[in-house]
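Asks: After the structure tokens below, expect a handful of questions from me.
The values are calculated or read from the model by the stated rules, or taken from the named source; none is laboratory data. This is a predicted model, so every value here is computed, not measured. Note that we place each Cβ from the backbone using ideal geometry, even for glycine, and neighbour counts take in every protein chain shown.
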Amino acid sequence: MFTFIDTLLIGLTSGAVYSLMAIALVLVWRSTRVVNFAQAGQALLSTYIGYECMGRFHSFWIALALAMILGAGVSALIEMLFMRTLFKRNTGPIAGVAPIIATLGLLGIIRGGIGIFMGGKETIIRPPLSNVGFTISGHTFALSPFKLVILSAVLIMMILLSLIFTKTNIGLALRASAYAPEIARLAGVKVDAIRTLGWAIAGAAGAAAGMLQTPNGTGALSPDSLEFSLLLVFGFIAAVIGGLESLVGAVIGGLLLGLVLAIVLMYVNATLLFMTAFVLLIVVLLVRPQGIMGKKAGRRA
Amino acid sequence: MTLIVSELCVDHGAIRAVDHVSLRIEQGQLAAVIGANGAGKTTLLRALSGLTPARSGSATWKGHDLLHSKPEKLVRFGVSHVSEGKSVIPELSVEENLNLGALWRRNAKESEQTRNKIFETFPRLEERAGQLADTLSGGERQMLAIGRALMAKPELLLLDEPSLGLAPLVIAQIFQSIRDLTTQMGLTVVLVEQNALGALEIADVGIVLNLGRIAATDRAQSLIENPQVRAAYLGY
């Protein structure tokens, strides 16, 4: 019984981090209709920024905040300098694919660049709070203070973003630009600036994912660490399972993926990890192609 | 405050959609642009609001160059465009669609006043304020699209086929509202319409486009009585 509860707890926390990554992917998809493969690279870069900040300020929390702010800045720059030009220059059949391939290229460039500058260095981010589980009546559960922080951070971010999207003018502009850019433009919304903002928020969410993922795993940070491959693949799968359009869907997708993977890890076999994720993806795509929270395919404005 | 278009040419790939069009629409006038499918009506309108780049020529209003400004900028100059096909966002509520039109003004109080005026003109929108625009009927969507454009307190209103796909009774209502709004708010309106007779009946002046060129331009009443226009566009 304890084993099962622990499995669920582990699944929820790792799933929460995938959710953050999925939120980032959904935000970019909604603002520019691009699946941003570079998101994991940006998260990696932001986590390195966070690591450097930790060395300077000796506080994980300040480093997390700075990584998110600078991660947002990097993401905004990528949209303004890179993606915008790409969209303008490309027309015809290649226009649909070019930006996606470009983000894949960007992922490679970021990883390679970090490898050149930071490769040889041993880089470890330790959790700011104990990652040893709480002990209740003799049993040490898989829920540690740090895991509790991860879960609350994801919850807070989701609530905050939902409020921004549904209750504020900026949120209305973000939604309108995502659903119908031309109408938004005619209504006076500066759609280009709003897109950059969408990328910036995504950059911050991805940075948070990287900063939480690393110390929750082994703590070792490297350009080709397993932790970031997990973020890239599972964040993407979580986003698609959730419907790619919905923030709530991204969170549900991430948590569901985390739970399923934890159960497989515990009760079946660790080698099936990636396979299980893809099987889950395919099952969702077959049974509910629009994703868990996606709307039925219909009229698109 | 006159809309002056001079020698405007717009290309659609290899095809010249608007061919040396010159026209002048005085302030407070409702101008109906009529013509067959493919006559270049929509392209003309899209060029005027900065959505489609022009090939050559000029278009100015209140001294602003319409052809080389982005649509989001033109809204700030008082130009509102309701694009073809009920330009509302179905995923947003009726109220959100309206608010969207006044976001750039950053004045919540004024927006609310404007919204209340629009609700007076279109009471149906007030009844359905909280509903998703997706749940509206075709006529209500058109009211919402016009309402959204009015939220910007425009002086020049560009309307693209507001009657498209609507029942005759609803069309009559929409046309009447457009006429009333033009007079009440002192708007200058360019109304592009397939429904030639309906549009000419409420318009002050009429412009007939044929294959991208101006075939006739006159007072709307004179066009209705013009035998050639009647035969070609009004069907009687």
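Asks: Among (1) loosely packed, with under 14 Cβ neighbours inside 10 Å; (2) in contact with a helix residue (DSSP H, G or I) (Cβ under 7 Å, 6 or more places away or on another chain); (3) modelled with pLDDT of 85 or more, there is one condition A:Leu81 misses while meeting the rest; what is its number?
Replies: (2)
Asks: Considering every residue within segment A:227-244, establish whether at least one is farther than 24 Å from A:Ser46 by Cα and touching a residue at least 60 places away in the same chain (Cβ under 8 Å).
Replies: Filtering segment A:227-244 for residues farther than 24 Å from A:Ser46 by Cα gives A:241-243.
Retained after the next criterion (residues that are touching a residue at least 60 places away in the same chain (Cβ under 8 Å)): A:242.
For segment A:227-244, residues farther than 24 Å from A:Ser46 by Cα and touching a residue at least 60 places away in the same chain (Cβ under 8 Å): present.
Asks: Please go through segment B:185-235 and give me each residue that is among the β-branched types (Val, Ile, Thr) and in contact with a helix residue (DSSP H, G or I) (Cβ under 7 Å, 6 or more places away or on another chain), ordered by number.
Replies: B:Val189, B:Val190, B:Val192, B:Ile202, B:Val205, B:Val208, B:Ile224, B:Val229, listed by residue number.
Asks: Can A:Phe134 be described as modelled with pLDDT under 90, touching a Phe, Trp or Tyr at 6+ places or on another chain (Cβ under 7 Å), surrounded by 14 or more Cβ atoms within 10 Å (Cβ to Cβ) and on the phi < 0 side of the Ramachandran plot?
Replies: Numbers: modelled with pLDDT under 90: yes; touching a Phe, Trp or Tyr at 6+ places or on another chain (Cβ under 7 Å): yes; surrounded by 14 or more Cβ atoms within 10 Å (Cβ to Cβ): yes; on the phi < 0 side of the Ramachandran plot: yes.
So A:Phe134 passes the test.
Asks: Can you go through A:Leu244, A:Leu226, A:Leu212 and tell me which one is buried (at least 20 other Cβ atoms within 10 Å of the Cβ), more than 14 Å from every other protein chain (Cβ to nearest Cβ) and at pLDDT below 90?
Replies: Details: A:Leu226 fails: buried (at least 20 other Cβ atoms within 10 Å of the Cβ); A:Leu212 fails: at pLDDT below 90.
Residue meeting the stated conditions: A:Leu244.
Asks: Output yes when any residue across segment B:110-129 is small (Gly, Ala, Ser), within 13 Å of chain A (Cβ to nearest Cβ), in contact with a helix residue (DSSP H, G or I) (Cβ under 6 Å, 6 or more places away or on another chain) and touching a residue at least 12 places away in the same chain (Cβ under 8 Å), and no when none is.
Replies: No, segment B:110-129 has no match at all.
Asks: Considering only segment B:85-109, state which residues are modelled with pLDDT of 85 or more, surrounded by fewer than 17 Cβ atoms within 10 Å (Cβ to Cβ) and within 20 Å of B:Lys73 (Cα to Cα).
Replies: Scanning segment B:85-109 gives a single hit, B:Arg105.
Asks: List the helices (runs of 4 or more DSSP H) inside segment A:82-186, counting only whole elements, that have at least 3 residues being touching a residue at least 12 places away in the same chain (Cβ under 8 Å), more than 14 Å from chain B (Cβ to nearest Cβ) and under 18 Å from A:Ala208 (Cβ atoms).
Replies: Counting at least 3 such residues, we get A:145-167.
Asks: Got at least one residue in segment B:152-169 being farther than 15 Å from B:Ala32 by Cβ, acidic (Asp, Glu), out of contact with any strand residue (DSSP E or B) (no Cβ under 6 Å at 6 or more places or on another chain) and touching a residue at least 24 places away in the same chain (Cβ under 8 Å)?
Replies: Yes, because at least one residue in segment B:152-169 is farther than 15 Å from B:Ala32 by Cβ, acidic (Asp, Glu), out of contact with any strand residue (DSSP E or B) (no Cβ under 6 Å at 6 or more places or on another chain) and touching a residue at least 24 places away in the same chain (Cβ under 8 Å).
Asks: Between B:Leu45, B:Leu51, B:Leu66, B:Leu3, which is closer than 17 Å to B:Ile146 by Cβ and of a type outside the set (D, E, K, R)?
Replies: Sole residue among the options that is closer than 17 Å to B:Ile146 by Cβ and of a type outside the set (D, E, K, R): B:Leu45.
Asks: Taking the stated definitions as given, is B:Glu7 part of a strand (DSSP E or B) and either touching a residue at least 24 places away in the same chain (Cβ under 8 Å) or more than 14 Å from chain A (Cβ to nearest Cβ) (or both)?
Replies: Against the criterion (part of a strand (DSSP E or B) and either touching a residue at least 24 places away in the same chain (Cβ under 8 Å) or more than 14 Å from chain A (Cβ to nearest Cβ) (or both)), B:Glu7 qualifies.
Asks: Taking segment B:48-83 as the region of interest, how many residues are among the basic types (Lys, Arg) and within 8 Å of another protein chain (Cβ to nearest Cβ)? Even if it seems obvious, please write down each step before you answer.
Replies: We begin by selecting, within segment B:48-83, every residue among the basic types (Lys, Arg); these are B:55, B:62, B:70, B:73, B:76.
Next, only the ones that are within 8 Å of another protein chain (Cβ to nearest Cβ) stay: B:70, B:76.
Residues that pass the stated criteria total 2.
Asks: Moving on to the next point. Considering each residue of segment B:139-185, count those that are within 14 Å of chain A (Cβ to nearest Cβ) and of a type in the set (S, T, N, Q), and give that number.
Replies: Result for segment B:139-185: 1.
Asks: Need pairs with beta-carbon distance below 6 Å; first residue in contact (Cβ under 8 Å) with a residue 60 or more places away in the chain and within segment B:83-106, second surrounded by 18 or more Cβ atoms within 10 Å (Cβ to Cβ) and outside any helix (DSSP H, G or I); sequence gap 6+ or separate chains.
Replies: From residues that are in contact (Cβ under 8 Å) with a residue 60 or more places away in the chain, the pairs are B:Ser83/B:Asp160; B:Glu84/B:Asp160; B:Glu84/B:Glu161.
Asks: Let me ask something else. So which residues in segment B:91-133 are in a helix (DSSP H, G or I) and among the hydroxyl-bearing types (Ser, Thr, Tyr), if there are any at all?
Replies: Narrowing segment B:91-133 to residues in a helix (DSSP H, G or I): B:94-100, B:103-105, B:108-121, B:123-127, B:133.
Answer for segment B:91-133, where residues must be in a helix (DSSP H, G or I) and among the hydroxyl-bearing types (Ser, Thr, Tyr): B:Ser111, B:Thr114, B:Thr121.
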